[in-house]
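Report on one structure; see the data block that follows.
Laboratory data are not the source of any read-out in this text; all were calculated from the coordinates shown. Just so you know, these numbers come straight off a predicted model, no measurement behind them. Don't worry about glycine lacking a Cβ; one is built from the backbone with ideal geometry, like all the others, and counts go over all protein chains shown.
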């Protein structure tokens with residue numbers, strides 16, 4: 001009897017202890033027992049996802065079907081085996097120029113055009129089969145060439161395979177009036193093939209954002225500079241010449257801390273020529289020696305990135321906002337900006353305007369270029385260094401007419417600087433700086449920035 005009472009007492013104690021533990025620790029409830037918040041009346045909404053940077057993404061077309069799309073003369077299908085997002089991409093295969101064309105109900109890009117980006121994934125099977133002619137267009141007129149904004153093929157920075165294409169709306173060129181971005185109703189991408197060659201293109205996940213959507217993280221110790229202008233910035237000095245300071249051939253000059261952004265938007269160790277696609281004359285310019293000088297006495301953590309966008313024979317009109325070289329330069333710069341900090345623009349241009357006797361107003365157009373870069377890169381104090389063209393090249397008076405406009409320009413626009421070409425010599429063609437002079441000019445750019 002006594003043992004039976006002890007058993008009942010022990011069982012009662014265990015029961016009451018279990019109840020007490022559950023009250024003290026609600027998490028000990030059974031796995032399938034739902035916890036109900038006493039303050040929840042059933043109408044509470046889930047908390048919004050935090051967005052401290054106020055990032056906006058407007059999905060336009062995820063390309064889950066081909067409704068509304070055309071590719072005249074090409075095979076157009078949905079590809080469910082190769083895509084970058086969702087269940088499929090849109091594939092065009094053939095040799096006809098019009099790759100992707102769509103007319104649709106007006107779409108409102110609610111983001112301000114100065115802050116908006118058009119983003120999409122684009123696949124190309126073989127760039128060598130293309131002529132280089134082509135562009136991506138959007139319009140608010142329901143057709144091409146009217147109220148159109150466009151970006152040339154060279155703006156897209158394509159490589160074989162999939163590409164993340166990110167285009168700033170305000171950096172596109174206009175045709176037939178300005179685009180109403182609150183009522184976009186037409187898209188076209190065209191690219192010309194060589195000799196009827198068949199090329200595969202795929203497109204996926206078209207969207208608009210207010211940020212450069214490539215997932216990169218900027219390194220504050222990666223200092224980036226834009227090289228803009230014409231052939232003397234690209235560099236025509238001879239690669240076989242001996243560097244006057246390093247005592248090696250210019251073709252062998254390099255530094256692991258100096259990188260260049262190539263045509264496929266990949267950072268590679270910088271070597272001469274920095275603009276290899278210029279032509280058979282591509283050689284030594286001022287950019288690499290500028291970077292070498294900038295690294296002297298710099299913190300060992302600092303790296304230099306160079307963005308080569310100069311183009312031989314370009315006039316100042318090519319570089320103003322809307323010009324054919326302005327957009328591609330801005331496009332590469334925006335990409336680079338996601339990897340580091342853009343510190344300045346090195347500009348050297350004017351020979352083409354001098355030869356064409358169109359020197360009047362050159363300085364005012366350069367002011368527009370400066371304003372454009374500062375606006376697109378969102379840096380009102382971006383340093384802009386303007387190099388003189390050759391001073392003593394066979395007494396070309398028109399060269400002097402260009403150089404004489406630089407002092408007034410730098411007086412009227414803050415954070416702009418003149419880089420002298422005094423004493424520099426040409427390579428024998430009375431036009432292009434020789435290798436030694438290109439080195440000296442690069443050093444002068446750096447010395448000005450270091451002041």
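Label separation (residue 54 vs residue 413): 2.9 nm, computed from points 7 Å beyond Cα along the C-beta direction. Taken along the Cα-to-beta-carbon direction at a fixed 7 Å, the label points for residue 127 and residue 313 span 2.2 nm. Among 184-190, 254-260, sorting by the average number of other beta carbon atoms lying within 10 angstrom of each residue, highest first, gives 184-190, 254-260.
Seen against the Cα atoms of the chain and their longest principal axis, helix 2-24 is set at about 30 degrees.
Put simply, when 127-137, 337-347 are sorted by average Cβ atoms within 10 angstrom per residue, most first, you get 337-347, 127-137.
Would you mind classifying segment 57-209 by shape? Square roots of the alpha carbon gyration tensor eigenvalues, ordered a ≥ b ≥ c; an a/c under 1.5 is rounded, otherwise it is prolate if a/b is larger than b/c and oblate if not. Present the calculation step by step, with values, prior to reporting the outcome.
On the way: a/c = 1.59, a/b = 1.32, b/c = 1.20.
Prolate is the answer for segment 57-209, as a/c is 1.5 or above and a/b outweighs b/c.
Each Cα pair under 8 Å and six or more residues apart adds its sequence gap; the mean of these over the residue count of segment 222-450 is a relative contact order of 27 percent. Annotation for residue 360 and residue 255: the two label points, set 7 Å from Cα along the Cα-Cβ direction, are 4.5 nm apart.
I'd like to compare 165-177, 225-237: which one has the highest average count of other Cβ atoms within 10 Å, and what's the full order after that?
Those peptides, ordered most packed to least, come out 225-237, 165-177.
For segment 57-209, what's the relative contact order in percent, using C-alpha pairs closer than 8 Å and at least 6 residues apart? All intermediate terms of the calculation are to be shown ahead of the outcome.
Numbers: 415 pairs, mean separation 57.0, N = 153.
Once normalised by length, the contact order is 37 percent.
Got the relative contact order for the chain handy, in percent, Cα pairs under 8 Å and 6 or more residues apart? After rounding, I find 14 percent.
State whether segment 244-350 is rounded, prolate or oblate according to the following rule on the C-alpha gyration tensor (a ≥ b ≥ c being the square roots of its eigenvalues): a/c under 1.5 gives rounded; otherwise a/b larger than b/c gives prolate, and the remaining case gives oblate.
Details: a/c = 1.89, a/b = 1.31, b/c = 1.44.
Oblate, since a/c reaches 1.5 and b/c is not below a/b.
Here P(r) over Cα pairs in 20 Å bins from 0, in percent was computed from the coordinates, and among (i) 22, 44, 21, 7, 5, 1, 0; (ii) 17, 27, 29, 20, 7, 0; (iii) 21, 47, 30, 2 the match is (i).
Rounded to the nearest 0.05, what FRET efficiency do residue 398 and residue 77 have when you use their Cβ-Cβ distance and R0 = 56 Å?
Numbers: r = 56 Å, r/R0 = 1.01.
E between residue 398 and residue 77, to the nearest 0.05, is 0.50.
Taking a ≥ b ≥ c as the square roots of the Cα gyration tensor eigenvalues, segment 339-451 comes out oblate, since a/c reaches at least 1.5 and a/b does not exceed b/c.
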